[in-house]
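The values are calculated or read from the model by the stated rules, or taken from the named source; none is laboratory data. From a predicted model like this one, the values you see are computed outputs, not experimental measurements. Neighbour counts run over all protein chains shown; Cβ positions are idealised from the backbone, glycine included. Keep in mind that these areas ignore ligands, DNA and RNA; they rest on the heavy atoms of the full protein, side chains included. Shrake-Rupley method; radii C 1.70, N 1.55, O 1.52, S 1.80 Å.
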Amino acid sequence: HVQLVESGGGSVQAGGSLRLSCAASGHTSSSYCTGWFRQAPGKEREQLARIDPQGGTSYADSVKGRFTLSRDSAKTTLFLQMNSLKPEDTAMYYCAASGSAWCTPFSSDFTYWGQGTQVTVS
């Protein structure tokens with residue numbers, strides 16, 4: 001019922017920046033919790049950042065001070081500004097929506113997922 005499409009991934013040198021976007025369509029709701037996750041080969045999926053329906057944000061320790069989550073005024077597009085990128089940031093990046101107002105750091109609490117966009121840092 002909700003379609004999420006990520007864009008903006010690519011290859012970048014260490015220390016560089018990328019800005020990811022996630023466009024939502026379908027039966028979207030401003031009451032959903034939304035966020036960004038990533039998964040590297042052999043690693044579990046981890047939440048990088050989330051924003052609740054009130055606009056409050058939370059970040060994983062691994063990206064605090066480097067990544068910034070934001071959304072447009074219509075709450076249909078989610079952004080992730082990534083600065084000071086490191087090789088260990090290399091992963092498939094996903095945006096996700098909870099489908100409810102619940103806002104947690106756990107991927108199991110998110111219902112809707114994009115197909116992912118690859119970020120490679122060398």
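Pull up the stretch 44-71, narrow it to residues that are open to solvent by less than 30 Å² (accessible area, probe 1.4 Å) and not in a loop (DSSP other than H, G, I, E, B), then point me to the one that is nearest to Asp109 (Cα to Cα).
The extreme case among them is Gln47.
Within the set of pairs 6 or more residues apart or between chains, which connect a residue that is in contact (Cβ under 8 Å) with a residue 12 or more places away in the chain and surrounded by fewer than 21 Cβ atoms within 10 Å (Cβ to Cβ) inside the stretch 91-105 to a residue that is in a loop (DSSP other than H, G, I, E, B) and small (Gly, Ala, Ser) with Cβ atoms less than 7 Å apart?
The qualifying pairs are Met92/Gly116; Ala101/Ser31.
Could you tell me whether any residue of the stretch 27-41 is open to solvent by 20 Å² or more (accessible area, probe 1.4 Å) and on the phi > 0 side of the Ramachandran plot?
no
Given Phe79, Phe37, which one is in a strand (DSSP E or B) and closer than 17 Å to Thr111 by Cα?
The conditions single out Phe37.
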